[in-house]
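Enquirer: To start, I am sharing the structure in question, which I have written as structure tokens.
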Amino acid sequence: MRLLWALGLFSALLHVTSCLLIGAFNIQKFGDRKSRNKDVMDIIKEIVLRYDIILIQEVLDKDLTATKRLMDLVNKGSPQFRAIVSDPLGPTKHKERYLFLYRHNKVSVKDWFQYDVKGFDRPPFVVQFSSTETGVDFVLIPIHTKPESAVKEIDALVDVVEAAREKWKNNNIVVLGDFNAGGTYVRTDDWKNIRRLRDNLNFHWLIDDNVDTAVLGLPKAYDRIVVTTDMKKGVLKAGVFKAYGLGDQALAVSDHFPVEVELKPLRNAKKRGRESDETSPKDYPVGIFLQPRSIE
């Protein structure tokens, strides 16, 4: 585990010279049990520290105990991360949350909404961010599809993009997360039923079909990042982060690897103060931890 920790620390430092690094990570069954495993949490911590914003999926954390443990860990010695988290989502008793962690000196939350139109097992919790590094506001749309409904849910993401665009008049949009867009869930012949997102020239898939985002087994591009044309203008590169280990050690953390996208800096961008900017959602108290329902 010491080697993995060193690799994680090294990789986390690599992003310092970049503009803005955004990640999406399905941490398999992230809840109380996993958050009590020190070795696993040390690896998760180093993965989080790599990013300026990270979306965590499959958060099975009813009372947010695991989330608070993670926040305490990444902020130990230097309170640098804040978080915004959705309510528990899903039709079964095993509900999941979408969790965003972000560096508050580089990024602030401007607004958010919970997409509530039918068609998703875990409907997207949509967040608009502002960044001192890019100089523009941008929207992140998280998704963790139900495997059996992946084709329909992926295609329906276009409707979520339109809802965000209409609400905020902003076309700098990133859709990211565990699409389950591979293996037996989305076969080659299924792509014809995802044309609205797949064939539309206004959307760009940054993680290719032949990229492996699964820890073990045959290559599967489950996790994806899709951006609008306006957002693509600000993209430097995208890929999969695999440096934290392979095999059984990686599986102890998750059965997925994080996917990531790096955004370009805006030259001579005015550095706006985060403390005064971060007042959204409206009248919401700013703190180390944010969520739609107040938690102090």
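Enquirer: Pick from the stretch 183-197 the residues that are closer than 19 Å to His144 by Cβ and surrounded by 13 or more Cβ atoms within 10 Å (Cβ to Cβ): which of them is nearest to the chain's Cα centre (by Cα)?
Expert: The qualifying residue nearest to the chain's Cα centre (by Cα) is Leu197.
Enquirer: Let me ask something else. What is the number of the single condition among (1) in a loop (DSSP other than H, G, I, E, B); (2) touching an Asp or Glu at 6+ places or on another chain (Cβ under 6 Å) that Pro123 does not meet?
Expert: Result: Pro123 passes all but (2).
Enquirer: Right, something else. Could you tell me which numbered condition Lys146 fails, if it satisfies all but one of (1) more than 24 Å from Lys62 (Cα to Cα); (2) of a type in the set (Lys, Arg); (3) touching a helix residue (DSSP H, G or I) at 6+ places or on another chain (Cβ under 8 Å)?
Expert: (1)
Enquirer: Turning to a different aspect of this structure: Can you tell me how many residues within the stretch 198-211 are buried (at least 17 other Cβ atoms within 10 Å of the Cβ) and in a loop (DSSP other than H, G, I, E, B)?
Expert: 3
Enquirer: In the stretch 71-83, what residues are farther than 23 Å from Lys110 by Cα, out of contact with any helix residue (DSSP H, G or I) (no Cβ under 6 Å at 6 or more places or on another chain) and part of a helix (DSSP H, G or I)?
Expert: Asp72
Enquirer: Return the total of residues in the stretch 212-227 being farther than 16 Å from His144 by Cα and outside any loop (DSSP other than H, G, I, E, B).
Expert: Of the residues in that region, 1 qualify.
Enquirer: Of the numbered conditions (1) at positive phi; (2) without any contact (Cβ under 8 Å) to a residue 12 or more places away in the chain, Lys93 fails exactly one; give the number of that condition.
Expert: Every listed condition holds for Lys93 apart from (1).
Enquirer: Can you find a residue that is among the polar types (S, T, N, Q), over 17 Å from Ile225 (Cα atoms) and either in contact (Cβ under 8 Å) with a residue 60 or more places away in the chain or not in a helix (DSSP H, G or I) (or both) anywhere in the stretch 147-166?
Expert: No, because not a single residue in the stretch 147-166 is among the polar types (S, T, N, Q), over 17 Å from Ile225 (Cα atoms) and either in contact (Cβ under 8 Å) with a residue 60 or more places away in the chain or not in a helix (DSSP H, G or I) (or both).
Enquirer: Pick out the one residue from Phe100, Phe25, Phe113 that is outside any helix (DSSP H, G or I), modelled with pLDDT of 95 or more, under 16 Å from the mean Cα position of the chain (by Cα) and surrounded by fewer than 19 Cβ atoms within 10 Å (Cβ to Cβ).
Expert: Phe113
Enquirer: Within the group Ser78, Ser35, Ser86, which residue is polar (S, T, N, Q), surrounded by 18 or more Cβ atoms within 10 Å (Cβ to Cβ) and over 21 Å from Leu251 (Cα atoms)?
Expert: Testing whether each residue is polar (S, T, N, Q), surrounded by 18 or more Cβ atoms within 10 Å (Cβ to Cβ) and over 21 Å from Leu251 (Cα atoms) leaves just Ser86.
Enquirer: Working carefully through the options Val158, Val174, Val126, Val136, find the one that is surrounded by fewer than 24 Cβ atoms within 10 Å (Cβ to Cβ), among the β-branched types (Val, Ile, Thr) and touching a Phe, Trp or Tyr at 6+ places or on another chain (Cβ under 9 Å). First the steps, then the outcome.
Expert: Numbers: Val174 fails: surrounded by fewer than 24 Cβ atoms within 10 Å (Cβ to Cβ); Val126 fails: surrounded by fewer than 24 Cβ atoms within 10 Å (Cβ to Cβ); Val136 fails: touching a Phe, Trp or Tyr at 6+ places or on another chain (Cβ under 9 Å).
It is Val158.
Enquirer: Please specify each residue of the stretch 167-197 satisfying the condition of being under 23 Å from Met231 (Cβ atoms) and not in a loop (DSSP other than H, G, I, E, B).
Expert: Lys167, Trp168, Ile173, Val174, Val175, Leu176, Gly177, Asp178, Trp191, Arg195, Arg196, Leu197
Enquirer: I've got another one for you. Inspect all residues belonging to the stretch 57-71 and state whether any of them is modelled with pLDDT under 95, of a type outside the set (Val, Ile, Thr) and touching a Pro at 6+ places or on another chain (Cβ under 7 Å).
Expert: Checked against the condition, which is being modelled with pLDDT under 95, of a type outside the set (Val, Ile, Thr) and touching a Pro at 6+ places or on another chain (Cβ under 7 Å), the stretch 57-71 yields at least one hit.
Enquirer: Sort out which residues of the stretch 105-120 are closer than 17 Å to Leu176 by Cα and in contact with a helix residue (DSSP H, G or I) (Cβ under 6 Å, 6 or more places away or on another chain), and write them in order of number.
Expert: Hits for the stretch 105-120 are Tyr115, Phe120.
Enquirer: Could you please let me know if Ile84 is touching a strand residue (DSSP E or B) at 6+ places or on another chain (Cβ under 9 Å) and modelled with pLDDT of 90 or more?
Expert: yes
Results for (1) under 18 Å from Tyr115 (Cα atoms); (2) at pLDDT 95 or above; (3) of a type in the set (A, V, I, L, M), shown as yes or no for each residue.
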position	(1), (2), (3)
Leu157	yes, yes, yes
Ala163	yes, yes, yes
Val174	yes, yes, yes
Phe179	yes, yes, no
Gly182	no, no, no
Thr188	no, no, no
Trp205	no, yes, no
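Enquirer: Output the number of the condition that Leu140 fails; it satisfies all remaining conditions of (1) touching a residue at least 60 places away in the same chain (Cβ under 8 Å); (2) closer than 23 Å to Asn105 by Cβ; (3) more than 16 Å from the chain's Cα centre (by Cα).
Expert: Here Leu140 clears every test but (3).
The values are calculated or read from the model by the stated rules, or taken from the named source; none is laboratory data. These numbers were taken from a predicted model, which means no experiment stands behind them. Virtual Cβ from ideal backbone geometry, glycine too; neighbours counted across all protein chains shown.
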